[in-house]
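Since the structure comes first, as structure tokens, the remarks are kept for the end.
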Amino acid sequence: GAVVSQHPSRVICKSGTSVKIECRSLDFQATTMFWYRQFPKQSLMLMATSNEGSKATYEQGVEKDKFLINHASLTLSTLTVTSAHPEDSSFYICSAKAHLTGELFFGEGSRLTVL
Amino acid sequence: QQQVKQSPQSLIVQKGGIPIINCAYENTAFDYFPWYQQFPGKGPALLIAIRPDVSEKKEGRFTISFNKSAKQFSLHIMDSQPGDSATYFCAASRGQGGKLIFGQGTELSVKP
């Protein structure tokens, strides 16, 4: 089946630093990717919709200057958490929409811990 | 309008039992209703999905029942096994590839 790869799977950083998380569709093209955040024992909350070649659309309450999203190619979207703080520690999950079929595929998630 | 409400929050059944998880939505524009299974530390995996033009869909041991007039849908897991122990999420979207709105999740434990 279609695979969506996230990297890194785990990252620990110091408060104030920036962290970049990659989401790649390995065997299909994805014009749209979605970024979710999941806190422990909670649901997935949509952060933003990323469209290839255009600016991301952020959900209400998500700071676009803090969570920078870039979707520069049909197979790669990146989420950069800028000036990370401990409250940004979470599980970040992406999903990619296959261009040809419209199916959605989820990545395995990236665990961010900010010390 | 955008919420999807899921219950129960947690569920414990014996092996072979039939856990039932319920979801309700408000936005009548939603027309795609998937269920996802998530193990700790992993991304969600699609189990089964339904569209509002059918009232029931079955895939293996998983069945979705859909009540369009009540704006409710549920997941039944037949002959549940300990390996089914996971967190289950319902979701809704406009179209199959639209942005998904997730329910709150149900932590299922199947006892041997």
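If you wrap a convex hull around the Cα atoms of chain A, how much volume per residue is inside, in Å³? Write down the numbers at each step before the final one.
On the way: hull volume 10.9 nm³, N = 115.
Once divided by residue count, the hull of chain A is 95 Å³.
List the extent of the Cα atoms of chain B along each of their three principal axes, largest first, rounded to whole Å.
Its Cα atoms span 41, 29, 21 Å along the three principal axes.
Work out the mean other chain Cβ neighbour count within 10 Å for the residues of B:94-107 and drop it here as an integer. Don't jump to the answer; show the numbers that get you there.
On the way: counts 0, 2, 6, 13, 6, 11, 7, 4, 7, 2, 3, 5, 0, 1.
Per-residue shielding by partner chains comes out at 5.
Once the convex hull of the C-alpha atoms of the protein assembly as shown is built, how many Å³ does it hold per residue, rounded to a whole number?
Working: hull volume 27.5 nm³, N = 227.
Once divided by residue count, the hull of the protein assembly as shown is 121 Å³.
Using Cβ contacts closer than 10 Å as the measure, can you line up A:TYR58, B:TYR25 from fewest to most?
Arranged by neighbour count, lowest to highest, A:TYR58, B:TYR25 become A:TYR58, B:TYR25.
Most mobile of B:LYS42, B:LYS99, B:LYS58 per a Gaussian network model of chain B (Cα springs, under 10 Å)?
Maximum among the listed residues: B:LYS42.
Go through chain A and flag any cysteine with no other cysteine's C-beta closer than 4.7 Å, please.
Lone cysteines by the Cβ rule: A:CYS13.
Readers should treat all values here as calculations from the given coordinates under stated rules, not as data from a laboratory. Keep in mind the model is a prediction, meaning the values are calculated, not measured. Glycine gets a Cβ as well: all are built from the backbone with ideal geometry, and neighbour counts include every protein chain shown.
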